[in-house]
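S.K.: Below is one structure. I have some questions about it.
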Amino acid sequence: MSEQFTKPATTDPVVRIEDLSVTFATDAGRVVAVQDVSLQVAAGEVLAIVGESGSGKTVTARSILGLLPETATTRGAILLTRKDGSSSADVVTVKRSELGEVRGRDAAMVFQEPSTALNPVFPVGWQIIEGLRAHGRYTRAEARAKAVDVLRRVGIPEPEKRIDSYPHQFSGGQKQRIVIAQALVLDPGVIIADEPTTALDVTVQAEILDLLRRCRDEFGTAIVLITHNMGVVADLADRVAVMYQGQLVEQADVRTLFANPRDEYTKQLLGSVPRLGQGVARTRERAAARPAGWTTATPVVEARDLRIVYPGRLRKPDFTAVDGVSFAIRPGEVLGLVGESGSGKTTIGRAIAGLTKVTGGSLSVLGTEMNGVKERRFRPVRERIGFVFQDPASSFNPLLTIAQAVAEPLVVHGRAKDAHAARGRVDELLEAVQLPRSFGDRFPHELSGGQRQRASLARALALGPELLIADEPTSALDVSVQARVLELFDELQRELGFACLFISHDLAVVDLLADRIAVLYRGQLVEEGTGEQVLGAPQHPYTQRLLASLPVPDPDEQAARRASWHQLA
C-alpha cells in the first residue's frame, strides 16, 4: 500500500449528521426536503441511503459536501472528520472559502452520470491532476505519477498511455472508474456515490461494485451510497437507511433490514423489487390464453440472417453492429431482448422502426421488407408502430404540454386536425395509463419520472399500434415506480394485444414481462427461449455471466452469486 492511500487512524465516525433539516425557497413557498435526519458513517463502512424520488436521499448526501443551491436553508450539524483524525469541521457553519479545502480532501463525490461529470475538452489525467494541485504542492512529474497510480488502481488498462486520452475515448464503465479515481486521488475519508451504477449494464455494474468494495477494504474509505437498486444495496452495503418524504423511517444493518423490515414503507419497497423466476407463472398463463393456431400465425416481425453495418469514417473500418441474427415476434407476443451495451439491442429496435438501414439479410416488419425499403413505402407502416424511449425527459418537447405531445402522432398521421380536436382521445389515453386528465395541461418538467414514462406510453399507444418497441423504458425509475409502470404495461398489453419488442439489460424485468427472451452478445444471437429456459437453465457462457452479474435483493444469496461471478469472469 503506497503512502498516498492510508488506513483510517480513528474508529470515530468520519461523518456525523445531527438533526439535519433542509428547506428550499420556491415560487410556491417553502418546501421541506429533509426533516430532522440523524446519521453517522464509520471509517471503512458502506451506508446505503434508499428511497424513491423526492424522499430526500440525494439532498442529504449533497449536504455532506455543501453542494446545495443558494435557495436551500440548512439547520442541524454535519461533522466531517479527517481520515487521520487530526481535525473535524461542521459543513453547515464552515465558511464558503474553507469549504473548498473540505471537498476532495475529507469527502469526495462520485456523480450519477460520468459523461456530464467529466470535462470533454481536457484529458482525463489533467482532470485528476487538477484536484491534486488544488489541495497540495506537487511537481508535474509527481502529480502525473499519482494520477497514473490511481488510474491503475481503479482498473484502467495501460494507464501510462490512457492518462492522455479524452473522456469520449472511454466506455461508460471506464468513465465511471475515472470518476471514482478522481474521488480517490486525495485519499478522502468518505466517498458519496450518487446512483453510481444506474445507467450501466449488469456486467459493468458488477465490476464497479467490486471496485467500490475495494475502496472500502483496501483504502479504508467510508462510502455513502445513494441508490434505488435494492440488489446493489444487498451486494455492497453494511448498513441501510430508508428515507420517505424527507424523513428517516428505518435504519438497520443490511441483513436485518432485508430479513425483518419493520416499517411499512420498507416492506413495500422490498416487495416492489422484481425477482428472477416471478415471470414463469405469468408466461404460462399468457400461453394458455392464446387462441388455437397462434404459433402458425404470420409473424409481426421476422428477421433472417439480419446484418446491420455502420460504415467507417476517417479511414476507420466498418463496424458490424448486428451479425446474422434470426428471430420472430408473433401477434400479441412480447420478445425480451437482453445484452450489454454494444450488443446490438437498440440497433435492432431502430431497424424495426425504420430509423436504421438494414445492410444484409431480411427483416420483415408488418409485411414490409426493410432491406432496401423507401421512406414513401414505409410511412403507412410507421403509424402501426409505437416507440417508448428510455429517457422520457429528453423524448418530450419541453415547450409542449403533455396533451399536445400525446396528440402529436394523431395530428401527424391525419387522425385529428390539431391538438385541441384530439383532446378527447388524449384524455382517454391518459386515463388508460392511470394519469388524471388534468395532467394533460402540465408541461413535462412538472411531472415525476414515473408520470413522464406513463405519458410516454400513452403517446406510443395513441395510434393503436400493432407493434410496440420499448427501449429500456424503466431503467431510470425507482423500484416502486418501476413496479407500477411494469404492472400497467402488462395490463395494457393483455388488453390491447399488441406485439412488443422489450429491450432491457435488467433480466428480472424482462423475465416478468416477456413470453420469450433472446440474448445478444457482440451482435449475435447466442440464446433464445422462454424465461424458464434461458434464465432457469442458461446454456451459453455469456448468459451465465449475465445472470451471475445481476445483483439480487438478498445479502446472503448475493454473496454466493458474487463468488460465482468471480469464477465465471
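S.K.: What's the total number of residues in the stretch 418-435 that are outside any helix (DSSP H, G or I) and either among the small types (Gly, Ala, Ser) or at pLDDT 90 or above (or both)?
M.R.: Number satisfying all stated conditions: 5.
S.K.: Another one. Restricted to the stretch 113-162, and to residues that are among the polar types (S, T, N, Q) and part of a helix (DSSP H, G or I), which residue is surrounded by the most Cβ atoms within 10 Å (Cβ to Cβ)?
M.R.: GLN127
S.K.: Of all residues being touching a Ser or Thr at 6+ places or on another chain (Cβ under 6 Å) and charged (D, E, K, R) in the stretch 37-89, which is nearest to GLU101 (Cα to Cα)? Just the residue, please.
M.R.: In this case the residue turns out to be ARG75.
S.K.: Working only within the stretch 34-56, note down all residues that are at pLDDT 90 or above, of a type outside the set (S, T, N, Q) and closer than 18 Å to TYR244 by Cα.
M.R.: VAL34, ASP36, VAL37, LEU39, LEU47, ALA48, ILE49, VAL50
S.K.: Based on this model, can you work out whether LEU337 counts as in contact (Cβ under 8 Å) with a residue 12 or more places away in the chain, within 22 Å of the chain's Cα centre (by Cα) and not in a helix (DSSP H, G or I)?
M.R.: Against the criterion (in contact (Cβ under 8 Å) with a residue 12 or more places away in the chain, within 22 Å of the chain's Cα centre (by Cα) and not in a helix (DSSP H, G or I)), LEU337 qualifies.
S.K.: Oh, and also: For LEU535, which of the numbered conditions (1) in contact with a Gly (Cβ under 8 Å, 6 or more places away or on another chain); (2) among the aliphatic types (A, V, I, L, M); (3) within 22 Å of ALA259 (Cβ to Cβ) fails to hold?
M.R.: (3)
S.K.: Here is a list: ASN397, ASN371. Which entry is in contact with a strand residue (DSSP E or B) (Cβ under 7 Å, 6 or more places away or on another chain) and part of a loop (DSSP other than H, G, I, E, B)?
M.R.: Residue meeting the stated conditions: ASN371.
S.K.: Here is a check on your reading of the model: is ARG214 among the basic types (Lys, Arg) and assigned to a loop (DSSP other than H, G, I, E, B)?
M.R.: Values: among the basic types (Lys, Arg): yes; assigned to a loop (DSSP other than H, G, I, E, B): no.
Against the criterion (among the basic types (Lys, Arg) and assigned to a loop (DSSP other than H, G, I, E, B)), ARG214 does not qualify.
S.K.: Residues of the stretch 470-485 being buried (at least 20 other Cβ atoms within 10 Å of the Cβ) and of a type outside the set (S, T, N, Q), which ones?
M.R.: ALA470, ASP471, GLU472, PRO473, ALA476, LEU477, ASP478, VAL479, VAL481, ALA483, VAL485
S.K.: Could you check, for the stretch 151-158, whether at least one of its residues is touching a His at 6+ places or on another chain (Cβ under 8 Å), under 20 Å from CYS215 (Cα atoms) and touching a residue at least 40 places away in the same chain (Cβ under 8 Å)?
M.R.: Within the stretch 151-158, the first condition is being touching a His at 6+ places or on another chain (Cβ under 8 Å), and the residues that meet it are none.
Scanning the stretch 151-158 turns up no residue that is touching a His at 6+ places or on another chain (Cβ under 8 Å), under 20 Å from CYS215 (Cα atoms) and touching a residue at least 40 places away in the same chain (Cβ under 8 Å).
S.K.: Limited to the stretch 381-402, what total is found for residues that are in contact with a His (Cβ under 9 Å, 6 or more places away or on another chain) and free of Cβ contacts under 8 Å to residues at least 40 places away in the same chain?
M.R.: Residues in the stretch 381-402 being in contact with a His (Cβ under 9 Å, 6 or more places away or on another chain) and free of Cβ contacts under 8 Å to residues at least 40 places away in the same chain: 1 in total.
S.K.: Answer yes or no: is there a residue in the stretch 174-188 that is over 23 Å from VAL224 (Cβ atoms) and either in a helix (DSSP H, G or I) or of a type outside the set (Val, Ile, Thr) (or both). Walk me through how you get there before you give the answer.
M.R.: The initial filter retains those residues of the stretch 174-188 that are over 23 Å from VAL224 (Cβ atoms), namely 174.
When the remaining residues are screened for being either in a helix (DSSP H, G or I) or of a type outside the set (Val, Ile, Thr) (or both), the result is 174.
Yes, the conditions are met somewhere in the stretch 174-188.
S.K.: Could you tell me whether PHE327 is touching a residue at least 24 places away in the same chain (Cβ under 8 Å), outside the structural domain of GLN493 (by TED's automatic domain parsing), surrounded by 17 or more Cβ atoms within 10 Å (Cβ to Cβ) and under 32 Å from the mean Cα position of the chain (by Cα)?
M.R.: no
S.K.: Can I ask one more? Which one is surrounded by the fewest Cβ atoms within 10 Å (Cβ to Cβ), of the residues in the stretch 444-467 that are more than 14 Å from ALA407 (Cα to Cα) and over 24 Å from the mean Cα position of the chain (by Cα)?
M.R.: Restricting to residues being more than 14 Å from ALA407 (Cα to Cα) and over 24 Å from the mean Cα position of the chain (by Cα), the top hit is GLU466.
S.K.: Quick one: would you say THR71 is at pLDDT 85 or above, among the hydroxyl-bearing types (Ser, Thr, Tyr) and surrounded by fewer than 17 Cβ atoms within 10 Å (Cβ to Cβ)?
M.R.: Values: at pLDDT 85 or above: yes; among the hydroxyl-bearing types (Ser, Thr, Tyr): yes; surrounded by fewer than 17 Cβ atoms within 10 Å (Cβ to Cβ): yes.
Yes; evaluated as a whole, the condition is true for this residue.
S.K.: Hey, could you check the stretch 251-309 for residues that are without any contact (Cβ under 8 Å) to a residue 24 or more places away in the chain, over 26 Å from the mean Cα position of the chain (by Cα) and in a helix (DSSP H, G or I) and say which is surrounded by the most Cβ atoms within 10 Å (Cβ to Cβ)?
M.R.: THR256
S.K.: Taking the stretch 348-361, which residues are surrounded by fewer than 19 Cβ atoms within 10 Å (Cβ to Cβ), in contact (Cβ under 8 Å) with a residue 24 or more places away in the chain and assigned to a helix (DSSP H, G or I)?
M.R.: Hits for the stretch 348-361: nothing passes.
S.K.: If THR320 meets every condition in (1) at pLDDT 85 or above; (2) in a loop (DSSP other than H, G, I, E, B); (3) surrounded by fewer than 18 Cβ atoms within 10 Å (Cβ to Cβ) apart from one, which number is that one?
M.R.: For THR320, the failing item is (2).
The values are calculated or read from the model by the stated rules, or taken from the named source; none is laboratory data. The structure presented is a predicted model; accordingly, all values stated were derived computationally and were not measured. Neighbour counts run over all protein chains shown; Cβ positions are idealised from the backbone, glycine included.
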